[in-house]
Amino acid sequence: MKKIHIVISCLLFFAHSILAQNLKSNTTGVFSYTPPAPLDANPIEVYYHIPNGIIVDMPVLMSFHGSGRNADDYRDYWVSMSDEHKFIVLAPKFDSTNWTIATEYITGNVFSDYDDPSENNYNNQNEWTYSIIDNLFDYVIEDISGNQLSYIGWGHSAGAQFLHRFVMYLPNSKLNTAICSNAGWYLVPENGYRFPYGLDDSQISNQKLESAFSKKLFIHLGKNDINPNSSGLRRNATVDTQQGKNRYVRGKYFFETSLDVADDFGYDFNWEKYEVIGVGHESQKMANEALKFVLQSSLSKIDISISKTVDIYPIPINSNYINILKKNLTTLDITVYDFSGKEIYQTFTNENSLFIPNIVAGVYFMKIESALFSVTKKFSKK
């Protein structure tokens, strides 16, 4: 009986491999992917689009669906952009039969019961849904004999929930850039709230949190996504009190709290918040707006070890001058934002001291970029 089971397993794997070998340029379709054990009992469908061209070096975008499980749409949102800008689109489907929305999808099966984050319910990493993503990427790259070493992730609504938690639990994955559009609620990196809303009982260490903050992550918010009674939006006393009552304010809270925590610990912070004017909970429009981050990521050469050679001081500042500590770097592109996210100053400089005009007492953010990296620092003026 054991031999029969082994033969059947090999045949199933071979069948899936044949399906995946249809991945060629100028194709659109779906294939079945069987994750490694112990998640191999539930194969997933992967909807894909590959534009015309040489595919072995094309960037790869993973598109994560919302609670509607419509992975085909999440592929199709990107098809025309993929054809124009030459990147591969993969949209895995976590169906409702095998993957419950709260435990096994958006909270990644980290705990067998996401409402009871006890030691007994904490799963091994190879049981996490998040662990599937790198393996799927490797499977596709092997199939196309590709040279790609990393991929970009975009998710909208429940897909953004999946993606930001993926960053926090597996910060050293092959994911290069995460674009999280209009998540309904967040795992906020703060104490005082239990998982799935805060760090208490989450099993996320300070070391893992530091690594997560160094990952490039965009909190991508539609400014009109403000309906507190929106379908599928979680509402309860805990999340309403902690994060607010609509997706837009919750996203702002997540970003601002994360920045404060990174600042308190002295961690580098590579997350950014972007707000889209005139757009609500609209996945296609948010995908269109996210394209610039996909292109930026596919062209970037971010090196976190280099970004750590840049710092600003003193904090707080008493005048309009702030010092920039930089090693082996020349011209920097610097943009200063006020606490609301409004840009107030932009310049290019290779100096070690920067004069920022027209700032008053308050809290500010400084985005520092070069050809090699982008990092955001927080500072204040007395």
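Quick check on my filter: what residues within region 282-303 are over 24 Å from Pro189 (Cα atoms) and either aromatic (Phe, Trp, Tyr) or outside any helix (DSSP H, G or I) (or both)?
Glu282, Ser300, Lys301
Across region 178-191, what is the total count of residues that are of a type in the set (Val, Ile, Thr) and farther than 21 Å from Gln125 by Cα? Before the answer, list the steps.
Within region 178-191, the first condition is being of a type in the set (Val, Ile, Thr), and the residues that meet it are 179, 188.
Now narrow it down to the ones that are farther than 21 Å from Gln125 by Cα: 179.
Counting residues in region 178-191 that are of a type in the set (Val, Ile, Thr) and farther than 21 Å from Gln125 by Cα gives 1.
For region 89-104, how many residues meet the condition of being of a type in the set (Ser, Thr, Tyr) and not in a loop (DSSP other than H, G, I, E, B)?
Step one: list which residues in region 89-104 are of a type in the set (Ser, Thr, Tyr), which gives 96-97, 100, 103.
From what is left, the residues that are not in a loop (DSSP other than H, G, I, E, B) are 103.
Qualifying residue count for the region: 1.
Look through region 341-356, keep the residues that are assigned to a loop (DSSP other than H, G, I, E, B) and surrounded by 11 or more Cβ atoms within 10 Å (Cβ to Cβ), and return whichever of them is modelled with the lowest pLDDT.
Quick first cut of region 341-356, residues assigned to a loop (DSSP other than H, G, I, E, B) only: 341-342, 350-352, 356.
Narrowing further to those that are surrounded by 11 or more Cβ atoms within 10 Å (Cβ to Cβ): 341, 351, 356.
Numbers: Gly341: 71, Glu351: 87, Ile356: 94.
Once the filter is applied, the top-ranked residue is Gly341.
Report, by residue number, each residue of region 84-105 that is among the small types (Gly, Ala, Ser) and buried (at least 18 other Cβ atoms within 10 Å of the Cβ).
Ala91
Considering (1) modelled with pLDDT under 85; (2) in a loop (DSSP other than H, G, I, E, B), say which one Lys378 fails and leave the rest.
With (1) modelled with pLDDT under 85; (2) in a loop (DSSP other than H, G, I, E, B) applied to Lys378, the lone miss is (2).
Whether any residue in region 137-144 is hydrophobic (A, V, I, L, M, F, W, C), surrounded by fewer than 23 Cβ atoms within 10 Å (Cβ to Cβ) and touching a strand residue (DSSP E or B) at 6+ places or on another chain (Cβ under 6 Å) is what I want to check.
Yes: region 137-144 contains one or more residues that are hydrophobic (A, V, I, L, M, F, W, C), surrounded by fewer than 23 Cβ atoms within 10 Å (Cβ to Cβ) and touching a strand residue (DSSP E or B) at 6+ places or on another chain (Cβ under 6 Å).
Name the residue that is surrounded by the fewest Cβ atoms within 10 Å (Cβ to Cβ), counting only residues in region 237-256 that are out of contact with any helix residue (DSSP H, G or I) (no Cβ under 9 Å at 6 or more places or on another chain) and farther than 15 Å from Ile226 by Cβ.
Restricting to residues being out of contact with any helix residue (DSSP H, G or I) (no Cβ under 9 Å at 6 or more places or on another chain) and farther than 15 Å from Ile226 by Cβ, the top hit is Ala237.
How many of the residues making up region 54-70 are within 17 Å of Ile179 (Cβ to Cβ) and touching an Asp or Glu at 6+ places or on another chain (Cβ under 8 Å)? Even if it seems obvious, please write down each step before you answer.
Just the residues of region 54-70 that are within 17 Å of Ile179 (Cβ to Cβ), to begin with: 59-66.
Right, trim to touching an Asp or Glu at 6+ places or on another chain (Cβ under 8 Å) and you get 65.
Counting residues in region 54-70 that are within 17 Å of Ile179 (Cβ to Cβ) and touching an Asp or Glu at 6+ places or on another chain (Cβ under 8 Å) gives 1.
Considering each residue of region 190-199, count those that are touching a residue at least 40 places away in the same chain (Cβ under 8 Å) and surrounded by fewer than 24 Cβ atoms within 10 Å (Cβ to Cβ), and give that number.
Residues meeting the conditions: 6.
Could you list, in sequence order, the residues of region 257-271 that are touching a helix residue (DSSP H, G or I) at 6+ places or on another chain (Cβ under 8 Å) and either surrounded by 15 or more Cβ atoms within 10 Å (Cβ to Cβ) or not hydrophobic (A, V, I, L, M, F, W, C) (or both)?
Across region 257-271, the qualifying residues are Ser258, Val261, Ala262, Tyr267, Asp268, Phe269, Asn270, Trp271.
The values are calculated or read from the model by the stated rules, or taken from the named source; none is laboratory data. Values in this document were obtained by computation on a predicted structure and should not be read as measured data. Because the Cβ atoms are built from the backbone with ideal geometry, glycine has one as well, and the counts that use them run over all protein chains shown.
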